[in-house]
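Quick notes on the structure that follows.
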Amino acid sequence: MEYLPSEIQLKILKYLHFDDLLEIRQVNRYFYDFTVKHNLVRKKFIDLFFLTPSLIETQLSNFYYMPGKDFQSLKAVNIPVSNYLQNKWSSAIKKRNPVFIVKNPDVYRAPILALDGGGNFIGKALRLPFYPKNIKELKIIRYWLNQIFNFDYAYIHFKEAIFNPEIIKLLFDSEEISKIKLSCDWAVFNFNNQHFNVLKSTLDYMSITQKVDINFDYINTTEEDNDFILKLLLNENYRIPEVVLRYPTDSQIVIYNNLHLETSIDLSNVVAKIMFCLAHWDASKLVVRGVEINESSTEDKRYKIKNIHHPQMQFAISFIEDARGSINNIKIDKINS
């Protein structure tokens, strides 16, 4: 492998996990230098999440807490930036763009960013400036966001707050943004109909190996929102293996009904596992297709759908229908045949 072209080596090594790459680094000096050069071995945290200042003592006993004043002593934030970015920052400070978009501005005015190291190493809790007031604070934020984007996470929870995409566009140039990959196994979002575009922008720069979990919390979505979710389910299998939609309202039934698993011409990129969790949908509004395969059960319904254009493309659909005609927990699994 050492004699393969570097671009081929890079493609191979990107498929390895953290522990595998650590072993590769120990083979010889060449592989050690190669993994360092291409930033292949990234420290992995258990969780990235946000919380309020009042919860520091109860939830962050095993964390190293860094309040804003501590950042001033970090030499790392005094990194040089291009004149282009300096000029862009100077003109943007007056606009008072927040670093985070928060679910509840009254409670999460200054959310604390927590990185949980689990049992492997001590976690970090960072309080970044919410409204950057000068170039120095923008450098601080840029430094820490750059660190955060170069870690891996088992879970990322965007429940109470989420990074403001406008700040990312401000702090990094277009080439840097194209290389940003916020990597995790499982990403959790809380839907807010005022900030749905933020969710879309965030997914664009994420790399997710297992699952995306979106909590609608029974908030009605717009037609544009539903179209985005539908396109996500139909086109993102190459980078998202599973999508869970929690607590959707009847306004999201159209997402399920418009999947058209039986008649669509191209389903090559449909997400392999889809779940509408605790939907409580009206059964009369749900378009049910396929062949029922468990007629003996009164509540548990199971169907098998075969695409008419590509018979090898098959799906298993299951859900629970109670005596009141309410449907819950719809699961759709792509069947390999």
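Coordinate-derived values only; no laboratory data. These numbers come from a predicted model, not from an experiment. So basically every Cβ, Gly included, is an ideal-geometry build from the backbone, and we count neighbours across all protein chains shown.
Some values worked out for this structure:
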{"item": "Residue 46-residue 273 FRET efficiency (beta carbon distance; Förster radius 30 Å; 0.05 resolution)", "result": "0.85"}
{"item": "Cα centroid separation, segment 136-160 to segment 174-192 (Å)", "result": "10 Å"}
{"item": "Net charge, residue 114 excluded, C-beta distance under 9 Å - Lys, Arg +1, Asp, Glu -1", "result": "-1"}
{"item": "Least to most buried among 142, 96 (fewest other Cβ within 10 Å first)", "result": "96, 142"}
{"item": "Order of 260, 157, 309, 195 - criterion: other Cβ atoms within 10 Å of each residue's Cβ, fewest first", "result": "309, 260, 195, 157"}
{"item": "For segment 96-242, share of DSSP beta bridges that run antiparallel, in % to the nearest 5", "result": "30 percent"}
{"item": "Least to most buried among 139, 133, 304 (fewest other Cβ within 10 Å first)", "result": "133, 304, 139"}
